[in-house]
Amino acid sequence: MKIDYARLSNVTGEITMVIAESDYADKVKKQLKEIGKKHAEPGFRPGHVPAGLIEKKYGKGVKYDEINKLVGDALFDYIKENDLDVLGNPLPDEGNRLDTDQTEYTFKFKVGVAPEFDVPVDKELHIPYYRINVTDEMVTRQDEALRRRFGKQEPGDEVDATALVKGVITELNEDGTVKEGGVVVENGIVAPQYFKSDDQRALFLGKHVGDELVFNPSATCDGNETELSSMLHVGKDVAAGYKGDFRFDIKEIIVLKPAQLGEEFYKDVFGDKVKDENEYNEALKNMIASSLEGDQNYRFTIDAQKAITDKVGDLELPDDILKQFLISQNENLNAENIDAEYAGIRGQLVWDLEKNKMMHNLDIKVNDEDLKNTARILARNQFAQYGMTNVPDDAVEHYAEEILKDEKAHNQIWHQTADMKLFSAIRNAVTLDEKEVSVDEFNALFTNGAEIEEA
(Lines give C-alpha, C1' and ligand atoms only; values in the text may rest on other atoms or scores of the structure.)
Protein backbone atom coordinates (compact mmCIF):
# COMPACT_ATOMS: atom_id res chain seq x y z
CA MET A 1 0.00 0.00 0.00
CA LYS A 2 1.23 3.47 -0.86
CA ILE A 3 0.10 6.54 1.10
CA ASP A 4 1.12 10.13 0.35
CA TYR A 5 0.23 13.44 1.97
CA ALA A 6 0.19 16.78 0.19
CA ARG A 7 -0.38 20.15 1.81
CA LEU A 8 -3.07 22.07 -0.08
CA SER A 9 -3.09 25.23 2.05
CA ASN A 10 -2.09 26.44 5.51
CA VAL A 11 -4.98 24.51 7.03
CA THR A 12 -5.87 21.76 4.53
CA GLY A 13 -4.15 18.73 3.09
CA GLU A 14 -4.88 15.68 1.00
CA ILE A 15 -4.07 12.06 1.78
CA THR A 16 -3.85 9.77 -1.26
CA MET A 17 -3.97 6.02 -0.74
CA VAL A 18 -3.17 3.47 -3.47
CA ILE A 19 -4.28 -0.10 -2.67
CA ALA A 20 -3.08 -3.13 -4.59
CA GLU A 21 -4.68 -6.60 -4.64
CA SER A 22 -1.86 -7.94 -2.48
CA ASP A 23 -2.87 -5.54 0.33
CA TYR A 24 -6.22 -7.21 0.89
CA ALA A 25 -6.24 -10.60 -0.87
CA ASP A 26 -5.07 -12.64 2.13
CA LYS A 27 -7.59 -10.95 4.42
CA VAL A 28 -10.44 -11.71 2.03
CA LYS A 29 -9.30 -15.31 1.65
CA LYS A 30 -9.11 -15.77 5.42
CA GLN A 31 -12.56 -14.31 5.97
CA LEU A 32 -14.12 -16.48 3.27
CA LYS A 33 -12.52 -19.53 4.87
CA GLU A 34 -14.10 -18.62 8.21
CA ILE A 35 -17.48 -18.26 6.53
CA GLY A 36 -17.07 -21.69 4.97
CA LYS A 37 -16.47 -23.22 8.41
CA LYS A 38 -19.64 -21.75 9.92
CA HIS A 39 -22.20 -21.47 7.11
CA ALA A 40 -24.26 -24.30 5.69
CA GLU A 41 -25.56 -24.26 2.12
CA PRO A 42 -28.28 -26.45 0.57
CA GLY A 43 -26.81 -29.93 0.29
CA PHE A 44 -23.67 -29.09 2.26
CA ARG A 45 -22.86 -29.13 5.97
CA PRO A 46 -20.78 -26.32 7.58
CA GLY A 47 -17.13 -26.91 6.71
CA HIS A 48 -17.97 -28.90 3.59
CA VAL A 49 -19.21 -26.10 1.30
CA PRO A 50 -17.00 -25.84 -1.85
CA ALA A 51 -14.73 -22.81 -1.77
CA GLY A 52 -15.95 -21.77 -5.20
CA LEU A 53 -19.54 -21.59 -3.97
CA ILE A 54 -18.52 -19.50 -0.94
CA GLU A 55 -16.52 -17.20 -3.19
CA LYS A 56 -19.38 -16.76 -5.63
CA LYS A 57 -21.96 -16.03 -2.92
CA TYR A 58 -19.94 -13.97 -0.43
CA GLY A 59 -16.79 -12.88 -2.23
CA LYS A 60 -17.79 -9.37 -3.30
CA GLY A 61 -19.36 -8.48 0.04
CA VAL A 62 -16.34 -9.70 1.99
CA LYS A 63 -13.99 -7.87 -0.38
CA TYR A 64 -15.97 -4.65 0.05
CA ASP A 65 -15.92 -4.91 3.85
CA GLU A 66 -12.23 -5.82 4.08
CA ILE A 67 -11.12 -2.96 1.82
CA ASN A 68 -13.26 -0.50 3.77
CA LYS A 69 -11.72 -1.67 7.03
CA LEU A 70 -8.24 -1.59 5.54
CA VAL A 71 -8.71 1.97 4.30
CA GLY A 72 -10.07 3.19 7.65
CA ASP A 73 -7.33 1.60 9.71
CA ALA A 74 -4.56 2.72 7.36
CA LEU A 75 -5.87 6.26 7.20
CA PHE A 76 -5.94 6.84 10.94
CA ASP A 77 -2.67 4.94 11.50
CA TYR A 78 -1.00 7.24 8.98
CA ILE A 79 -2.35 10.34 10.70
CA LYS A 80 -1.12 9.10 14.07
CA GLU A 81 2.29 7.88 12.90
CA ASN A 82 2.99 11.12 11.00
CA ASP A 83 1.71 13.31 13.84
CA LEU A 84 -0.73 15.20 11.64
CA ASP A 85 -2.70 17.67 13.76
CA VAL A 86 -6.01 16.93 12.06
CA LEU A 87 -9.14 18.90 12.92
CA GLY A 88 -12.45 17.13 12.49
CA ASN A 89 -12.59 13.95 10.40
CA PRO A 90 -11.01 13.27 6.98
CA LEU A 91 -13.48 13.89 4.14
CA PRO A 92 -13.54 11.31 1.35
CA ASP A 93 -13.17 12.68 -2.17
CA GLU A 94 -16.33 12.59 -4.27
CA GLY A 95 -14.46 10.54 -6.86
CA ASN A 96 -13.73 7.68 -4.45
CA ARG A 97 -15.30 4.48 -5.75
CA LEU A 98 -15.08 0.93 -4.43
CA ASP A 99 -15.94 -1.21 -7.44
CA THR A 100 -15.48 -4.85 -6.39
CA ASP A 101 -14.79 -5.85 -10.00
CA GLN A 102 -11.51 -3.92 -9.83
CA THR A 103 -8.31 -5.12 -8.20
CA GLU A 104 -6.49 -1.82 -7.55
CA TYR A 105 -7.92 1.35 -5.99
CA THR A 106 -6.98 4.95 -5.40
CA PHE A 107 -8.70 6.83 -2.59
CA LYS A 108 -8.27 10.48 -1.66
CA PHE A 109 -9.21 12.22 1.60
CA LYS A 110 -9.21 15.91 2.36
CA VAL A 111 -8.15 16.79 5.89
CA GLY A 112 -8.27 19.95 7.92
CA VAL A 113 -5.10 20.62 9.88
CA ALA A 114 -4.36 22.99 12.72
CA PRO A 115 -2.67 26.25 11.71
CA GLU A 116 0.89 26.92 12.74
CA PHE A 117 1.02 29.58 15.45
CA ASP A 118 2.67 30.41 18.75
CA VAL A 119 1.21 31.48 22.07
CA PRO A 120 3.49 33.99 23.81
CA VAL A 121 2.94 33.32 27.51
CA ASP A 122 5.76 35.15 29.25
CA LYS A 123 6.48 38.19 31.40
CA GLU A 124 5.90 40.51 28.46
CA LEU A 125 2.24 39.57 28.54
CA HIS A 126 0.32 41.70 31.06
CA ILE A 127 -2.99 40.40 32.42
CA PRO A 128 -5.13 42.15 35.07
CA TYR A 129 -5.78 40.36 38.35
CA TYR A 130 -8.50 41.88 40.49
CA ARG A 131 -8.34 41.52 44.27
CA ILE A 132 -11.51 42.37 46.16
CA ASN A 133 -10.97 44.65 49.13
CA VAL A 134 -11.97 43.07 52.43
CA THR A 135 -13.87 45.89 54.16
CA ASP A 136 -14.71 46.40 57.83
CA GLU A 137 -18.37 45.86 56.90
CA MET A 138 -17.54 42.44 55.43
CA VAL A 139 -15.61 41.53 58.57
CA THR A 140 -18.54 42.61 60.74
CA ARG A 141 -21.01 40.52 58.73
CA GLN A 142 -18.72 37.50 58.93
CA ASP A 143 -18.31 37.97 62.67
CA GLU A 144 -22.08 38.16 63.16
CA ALA A 145 -22.63 35.06 61.03
CA LEU A 146 -20.06 33.03 62.99
CA ARG A 147 -21.36 34.17 66.35
CA ARG A 148 -24.88 33.13 65.32
CA ARG A 149 -23.59 29.81 64.02
CA PHE A 150 -21.84 29.03 67.29
CA GLY A 151 -24.50 30.67 69.45
CA LYS A 152 -26.97 28.95 71.77
CA GLN A 153 -30.73 28.88 71.86
CA GLU A 154 -32.29 29.97 75.14
CA PRO A 155 -35.60 31.32 76.45
CA GLY A 156 -36.30 34.91 75.46
CA ASP A 157 -38.75 37.65 76.39
CA GLU A 158 -39.59 38.95 72.93
CA VAL A 159 -39.93 37.50 69.43
CA ASP A 160 -37.04 38.71 67.28
CA ALA A 161 -35.96 37.89 63.73
CA THR A 162 -34.36 34.55 64.71
CA ALA A 163 -36.80 33.32 67.35
CA LEU A 164 -38.69 30.04 67.54
CA VAL A 165 -42.19 30.56 68.94
CA LYS A 166 -44.02 27.82 70.83
CA GLY A 167 -47.67 27.81 71.84
CA VAL A 168 -51.21 26.68 71.10
CA ILE A 169 -52.47 26.95 67.51
CA THR A 170 -56.29 27.09 67.30
CA GLU A 171 -58.44 27.11 64.14
CA LEU A 172 -60.94 30.00 63.84
CA ASN A 173 -64.18 30.62 62.03
CA GLU A 174 -64.48 33.43 59.50
CA ASP A 175 -65.93 35.69 62.24
CA GLY A 176 -62.88 35.11 64.47
CA THR A 177 -64.52 32.72 66.91
CA VAL A 178 -62.99 29.37 67.79
CA LYS A 179 -64.13 26.71 65.34
CA GLU A 180 -65.93 23.86 67.06
CA GLY A 181 -64.18 20.59 66.25
CA GLY A 182 -61.45 22.50 64.46
CA VAL A 183 -57.72 21.92 64.58
CA VAL A 184 -56.01 22.57 67.92
CA VAL A 185 -52.25 22.05 68.21
CA GLU A 186 -51.25 22.16 71.89
CA ASN A 187 -47.52 22.07 71.22
CA GLY A 188 -47.30 24.18 68.10
CA ILE A 189 -44.02 25.71 66.95
CA VAL A 190 -43.24 28.22 64.21
CA ALA A 191 -40.12 29.99 62.95
CA PRO A 192 -41.22 33.38 61.55
CA GLN A 193 -37.81 33.97 59.95
CA TYR A 194 -38.68 31.29 57.37
CA PHE A 195 -42.17 32.59 56.53
CA LYS A 196 -42.71 33.37 52.84
CA SER A 197 -44.91 36.35 53.76
CA ASP A 198 -43.43 39.51 55.31
CA ASP A 199 -46.87 40.48 56.58
CA GLN A 200 -47.32 37.19 58.44
CA ARG A 201 -43.82 37.49 59.92
CA ALA A 202 -44.56 41.00 61.16
CA LEU A 203 -47.53 39.67 63.19
CA PHE A 204 -45.10 37.79 65.47
CA LEU A 205 -42.19 40.21 65.76
CA GLY A 206 -42.15 42.07 69.09
CA LYS A 207 -44.71 39.80 70.76
CA HIS A 208 -44.16 38.40 74.28
CA VAL A 209 -45.01 35.27 76.24
CA GLY A 210 -48.72 35.35 77.06
CA ASP A 211 -49.66 37.36 73.98
CA GLU A 212 -52.05 36.01 71.40
CA LEU A 213 -52.33 36.88 67.73
CA VAL A 214 -54.26 35.83 64.64
CA PHE A 215 -52.29 34.58 61.63
CA ASN A 216 -52.84 32.57 58.45
CA PRO A 217 -50.71 29.38 58.29
CA SER A 218 -51.35 28.90 54.57
CA ALA A 219 -50.05 32.40 53.82
CA THR A 220 -46.83 31.73 55.76
CA CYS A 221 -45.75 29.02 53.30
CA ASP A 222 -47.64 29.80 50.08
CA GLY A 223 -49.94 26.86 50.78
CA ASN A 224 -47.13 24.27 50.79
CA GLU A 225 -48.79 21.00 51.84
CA THR A 226 -45.72 19.58 53.55
CA GLU A 227 -45.16 22.68 55.68
CA LEU A 228 -48.84 23.00 56.57
CA SER A 229 -49.00 19.33 57.52
CA SER A 230 -46.03 19.79 59.86
CA MET A 231 -47.32 23.02 61.41
CA LEU A 232 -50.95 21.96 61.95
CA HIS A 233 -50.32 18.26 62.64
CA VAL A 234 -52.69 17.18 59.86
CA GLY A 235 -52.26 14.78 56.94
CA LYS A 236 -50.64 16.06 53.76
CA ASP A 237 -53.67 14.91 51.80
CA VAL A 238 -55.91 17.43 53.58
CA ALA A 239 -53.41 20.15 54.52
CA ALA A 240 -54.10 22.28 51.43
CA GLY A 241 -57.72 22.69 52.60
CA TYR A 242 -56.72 24.84 55.61
CA LYS A 243 -56.71 28.33 54.13
CA GLY A 244 -58.35 30.27 56.99
CA ASP A 245 -57.05 32.10 60.08
CA PHE A 246 -55.74 30.54 63.30
CA ARG A 247 -55.06 31.97 66.75
CA PHE A 248 -51.60 31.57 68.24
CA ASP A 249 -51.29 31.72 72.06
CA ILE A 250 -47.59 32.26 72.83
CA LYS A 251 -46.32 29.99 75.63
CA GLU A 252 -42.58 30.12 75.05
CA ILE A 253 -40.05 32.08 73.00
CA ILE A 254 -36.68 30.60 72.10
CA VAL A 255 -34.09 33.08 70.85
CA LEU A 256 -30.60 32.60 69.53
CA LYS A 257 -28.01 34.17 71.76
CA PRO A 258 -24.88 34.86 69.70
CA ALA A 259 -21.62 33.45 71.01
CA GLN A 260 -19.51 35.87 73.01
CA LEU A 261 -15.98 36.73 72.01
CA GLY A 262 -13.52 34.78 74.07
CA GLU A 263 -11.10 31.86 74.14
CA GLU A 264 -13.82 29.19 73.86
CA PHE A 265 -15.38 30.87 70.80
CA TYR A 266 -12.01 31.47 69.11
CA LYS A 267 -11.12 27.81 69.56
CA ASP A 268 -14.48 26.65 68.18
CA VAL A 269 -13.97 28.70 65.03
CA PHE A 270 -10.21 28.62 64.39
CA GLY A 271 -8.84 25.93 66.67
CA ASP A 272 -5.63 26.90 68.46
CA LYS A 273 -4.59 29.46 65.84
CA VAL A 274 -6.36 32.43 67.46
CA LYS A 275 -5.81 33.64 71.03
CA ASP A 276 -7.25 37.17 71.24
CA GLU A 277 -9.56 39.63 69.50
CA ASN A 278 -6.86 41.14 67.27
CA GLU A 279 -5.86 37.72 65.98
CA TYR A 280 -9.54 36.87 65.56
CA ASN A 281 -10.19 39.94 63.38
CA GLU A 282 -7.12 39.18 61.29
CA ALA A 283 -8.24 35.57 60.89
CA LEU A 284 -11.67 36.81 59.76
CA LYS A 285 -10.05 38.95 57.06
CA ASN A 286 -8.00 35.99 55.86
CA MET A 287 -11.08 33.77 55.86
CA ILE A 288 -12.99 36.26 53.71
CA ALA A 289 -10.03 36.82 51.40
CA SER A 290 -9.69 33.07 50.93
CA SER A 291 -13.40 32.70 50.14
CA LEU A 292 -13.04 35.39 47.45
CA GLU A 293 -10.13 33.69 45.68
CA GLY A 294 -12.42 31.44 43.65
CA ASP A 295 -14.25 34.43 42.16
CA GLN A 296 -10.99 36.31 41.61
CA ASN A 297 -9.40 33.34 39.85
CA TYR A 298 -12.49 32.82 37.72
CA ARG A 299 -12.29 36.44 36.60
CA PHE A 300 -8.62 35.90 35.81
CA THR A 301 -9.48 33.02 33.46
CA ILE A 302 -11.76 35.37 31.50
CA ASP A 303 -9.15 38.12 31.28
CA ALA A 304 -6.33 35.67 30.51
CA GLN A 305 -8.28 34.09 27.66
CA LYS A 306 -9.01 37.50 26.15
CA ALA A 307 -5.43 38.74 26.52
CA ILE A 308 -3.94 35.57 25.02
CA THR A 309 -6.46 35.37 22.17
CA ASP A 310 -5.88 39.04 21.33
CA LYS A 311 -2.11 38.49 21.39
CA VAL A 312 -2.29 35.47 19.08
CA GLY A 313 -4.61 37.28 16.69
CA ASP A 314 -6.90 35.77 14.08
CA LEU A 315 -6.29 32.11 13.31
CA GLU A 316 -7.12 30.54 9.97
CA LEU A 317 -9.16 27.34 10.32
CA PRO A 318 -10.39 24.75 7.80
CA ASP A 319 -13.89 26.14 8.26
CA ASP A 320 -15.66 24.16 5.54
CA ILE A 321 -14.25 20.85 6.78
CA LEU A 322 -15.12 21.67 10.38
CA LYS A 323 -18.67 22.61 9.42
CA GLN A 324 -19.17 19.27 7.70
CA PHE A 325 -17.68 17.49 10.69
CA LEU A 326 -20.01 19.28 13.11
CA ILE A 327 -23.05 18.43 10.98
CA SER A 328 -22.03 14.75 11.02
CA GLN A 329 -21.74 14.81 14.83
CA ASN A 330 -24.90 16.74 15.72
CA GLU A 331 -28.38 15.93 14.46
CA ASN A 332 -29.51 19.49 15.21
CA LEU A 333 -27.06 20.96 12.70
CA ASN A 334 -27.62 21.00 8.95
CA ALA A 335 -26.67 22.92 5.81
CA GLU A 336 -29.31 25.56 6.54
CA ASN A 337 -28.20 26.53 10.06
CA ILE A 338 -24.53 25.56 10.24
CA ASP A 339 -23.19 29.00 9.22
CA ALA A 340 -25.07 30.76 12.02
CA GLU A 341 -24.20 28.10 14.60
CA TYR A 342 -20.56 27.85 13.54
CA ALA A 343 -20.07 31.57 14.16
CA GLY A 344 -20.68 30.92 17.87
CA ILE A 345 -18.65 27.70 17.96
CA ARG A 346 -15.55 28.92 16.16
CA GLY A 347 -14.24 31.02 19.05
CA GLN A 348 -14.21 27.99 21.36
CA LEU A 349 -12.43 25.92 18.69
CA VAL A 350 -9.72 28.57 18.47
CA TRP A 351 -9.36 28.73 22.24
CA ASP A 352 -9.09 24.94 22.46
CA LEU A 353 -6.21 25.04 19.97
CA GLU A 354 -4.51 27.77 21.98
CA LYS A 355 -4.97 25.81 25.22
CA ASN A 356 -3.45 22.69 23.68
CA LYS A 357 -0.48 24.70 22.46
CA MET A 358 0.06 26.21 25.92
CA MET A 359 -0.27 22.83 27.62
CA HIS A 360 2.54 21.59 25.37
CA ASN A 361 4.73 24.69 25.69
CA LEU A 362 4.36 24.86 29.48
CA ASP A 363 4.81 21.07 29.80
CA ILE A 364 1.54 20.62 31.67
CA LYS A 365 0.42 17.05 32.24
CA VAL A 366 -2.52 15.67 34.21
CA ASN A 367 -1.76 12.55 36.23
CA ASP A 368 -3.90 10.28 38.38
CA GLU A 369 -3.02 12.11 41.59
CA ASP A 370 -4.09 15.42 40.05
CA LEU A 371 -7.45 13.89 39.19
CA LYS A 372 -7.79 12.47 42.69
CA ASN A 373 -7.07 15.88 44.26
CA THR A 374 -9.79 17.52 42.16
CA ALA A 375 -12.22 14.73 43.03
CA ARG A 376 -11.42 15.22 46.73
CA ILE A 377 -12.26 18.93 46.43
CA LEU A 378 -15.55 18.11 44.72
CA ALA A 379 -16.33 15.52 47.38
CA ARG A 380 -15.70 17.94 50.27
CA ASN A 381 -17.77 20.63 48.54
CA GLN A 382 -20.68 18.23 48.14
CA PHE A 383 -20.48 17.20 51.80
CA ALA A 384 -20.35 20.88 52.79
CA GLN A 385 -23.60 21.55 50.92
CA TYR A 386 -25.29 19.31 53.49
CA GLY A 387 -23.55 21.02 56.41
CA MET A 388 -20.96 18.23 56.78
CA THR A 389 -17.73 20.17 57.22
CA ASN A 390 -15.71 17.72 59.32
CA VAL A 391 -16.01 14.59 57.18
CA PRO A 392 -13.21 12.05 57.90
CA ASP A 393 -10.48 11.80 55.30
CA ASP A 394 -11.22 8.14 54.55
CA ALA A 395 -14.86 8.98 53.74
CA VAL A 396 -13.74 11.78 51.39
CA GLU A 397 -11.23 9.42 49.77
CA HIS A 398 -13.87 6.76 49.19
CA TYR A 399 -16.35 9.25 47.70
CA ALA A 400 -13.65 10.73 45.44
CA GLU A 401 -12.86 7.25 44.12
CA GLU A 402 -16.54 6.62 43.42
CA ILE A 403 -16.82 9.90 41.51
CA LEU A 404 -13.89 8.96 39.27
CA LYS A 405 -15.42 5.59 38.40
CA ASP A 406 -18.11 7.34 36.38
CA GLU A 407 -16.75 7.84 32.86
CA LYS A 408 -18.58 11.11 32.23
CA ALA A 409 -17.52 12.54 35.59
CA HIS A 410 -13.95 11.34 34.98
CA ASN A 411 -13.77 13.24 31.68
CA GLN A 412 -15.24 16.38 33.21
CA ILE A 413 -12.76 16.22 36.09
CA TRP A 414 -9.87 15.73 33.64
CA HIS A 415 -10.79 18.90 31.74
CA GLN A 416 -11.41 20.81 34.96
CA THR A 417 -8.04 19.72 36.34
CA ALA A 418 -6.26 20.58 33.11
CA ASP A 419 -7.77 24.08 33.17
CA MET A 420 -6.79 24.57 36.81
CA LYS A 421 -3.18 23.56 36.12
CA LEU A 422 -3.03 25.61 32.92
CA PHE A 423 -4.29 28.87 34.44
CA SER A 424 -2.07 28.38 37.46
CA ALA A 425 0.90 28.06 35.11
CA ILE A 426 -0.23 31.12 33.16
CA ARG A 427 -0.41 33.18 36.37
CA ASN A 428 3.17 32.22 37.18
CA ALA A 429 4.43 32.88 33.66
CA VAL A 430 2.91 36.29 32.86
CA THR A 431 3.03 39.69 34.53
CA LEU A 432 0.00 40.27 36.74
CA ASP A 433 -1.34 43.82 36.90
CA GLU A 434 -2.97 43.56 40.31
CA LYS A 435 -5.83 45.93 41.04
CA GLU A 436 -7.66 46.40 44.34
CA VAL A 437 -11.40 46.77 43.75
CA SER A 438 -14.61 46.88 45.74
CA VAL A 439 -17.24 44.16 45.49
CA ASP A 440 -19.44 46.45 43.38
CA GLU A 441 -16.57 47.26 41.02
CA PHE A 442 -15.73 43.57 40.72
CA ASN A 443 -19.33 42.63 39.95
CA ALA A 444 -19.51 45.39 37.35
CA LEU A 445 -16.80 43.60 35.36
CA PHE A 446 -19.32 40.88 34.53
CA THR A 447 -22.00 43.30 33.37
CA ASN A 448 -20.09 45.72 31.18
CA GLY A 449 -16.97 43.69 30.47
CA ALA A 450 -14.75 46.74 30.84
CA GLU A 451 -11.50 46.82 32.73
CA ILE A 452 -11.28 49.03 35.80
CA GLU A 453 -8.92 51.90 35.18
CA GLU A 454 -6.48 52.85 37.90
CA ALA A 455 -7.08 56.25 39.42
Which value results when the Cα radius of gyration for region 311-369 is divided by 2.2 N^0.38 Å?
1.42
Residues whose modelled amide H sits under 5 Å from the amide H of L98, counting only those 5 or more places away in sequence or on another chain, are none
So what's Rg/Rh here for region 109-244, counting alpha carbon atoms and using the Kirkwood radius for Rh?
1.39
Mean separation of Cα contacts under 8 Å (at least 6 apart) over the residue count of region 159-304, i.e. the relative contact order in percent, is 25
Using just the alpha carbons, could you tell me how many Å³ per residue the convex hull of the chain encloses?
314
Quick one: if you stick a label point 7 Å off each Cα along the C-beta vector at H126 and K243, how many nm between them?
6.6
May I have the extent of the alpha carbons of region 172-308 along their three principal axes, as whole Å values ordered from largest to smallest?
71, 46, 24
Provide the descending list of Cα extents for region 349-390 along its principal axes, expressed in whole angstroms.
41, 22, 11
Peptides 226-234, 79-87, 45-53, 174-182 ordered by average Cβ neighbours within 10 Å, highest first
226-234, 79-87, 45-53, 174-182
Assign one of three labels to region 89-161, namely rounded, prolate or oblate, based on the Cα gyration tensor with a ≥ b ≥ c the square roots of its eigenvalues; rounded applies when a/c is under 1.5, prolate when it is not and a/b is larger than b/c, and oblate otherwise.
oblate
What's the longest bit of the chain with no exposed chymotrypsin sites (Phe, Trp or Tyr not before Pro), using DSSP loop states and at most 15 other Cβ atoms within 10 Å as the test?
151-385
Counting only protein heavy atoms and a 1.4 Å probe, tell me what percentage of region 1-156's accessible area is made up of carbon and sulfur.
47
Compute the signed sum of charges (Lys and Arg +1, Asp and Glu -1) over the other residues within less than 12 Å, Cβ to Cβ, of R45.
+1
Amide H to amide H under 5 Å from E316: which residues, 5+ apart in sequence or cross-chain, H placed 1.01 Å off N in plane?
none
Dimensions in Å of region 231-361 - Rg and Dmax from alpha carbons
29.8, 77
Virtual spin-label span in nm between K179 and T135, 7 Å along Cα→Cβ
4.9
Let me know the shape class of region 146-189, please: from the alpha-carbon gyration tensor, a ≥ b ≥ c as square roots of the eigenvalues, rounded when a/c is under 1.5, otherwise prolate if a/b is greater than b/c, or oblate.
prolate
With every protein chain kept in place and ligands, DNA and RNA left out, what is the accessible area per residue of the chain? Probe 1.4 Å, answer in Å².
61
Subset of K108/K365; K57/K110; K80/K311; K30/K69; K372/K421 violating a 25 Å alpha-carbon distance limit
K108/K365; K57/K110; K80/K311
Dimensionless Rg/Rh of region 38-146, both radii on Cα and Rh by Kirkwood, sits at 1.49
Cα-based equivalent ellipsoid of region 1-46: semi-axis lengths in Å, sorted from largest, via gyration tensor
42, 11, 6
Per 0.36 nm of contour for each residue apart, how much would the distance between N428 and T309 grow if the chain were fully extended, relative to their Cα-Cα spacing?
41.0 nm
State, as an integer percentage, the relative contact order of the chain based on alpha-carbon contacts under 8 Å between residues 6 or more apart.
18
Calculated [θ] (222 nm, deg cm²/dmol) that DSSP helices of n ≥ 4 give over the chain, each run adding -39,500 (n - 2.57):
-16500 deg cm²/dmol
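The values are calculated or read from the model by the stated rules, or taken from the named source; none is laboratory data. No experiment lies behind these values; they were computed from the predicted model shown. Backbone-built Cβ (ideal geometry, glycine too); neighbour counts: all protein chains shown. The accessibility values were calculated without ligands, DNA or RNA, using every heavy atom of the protein model including side chains. Shrake-Rupley method; radii C 1.70, N 1.55, O 1.52, S 1.80 Å.
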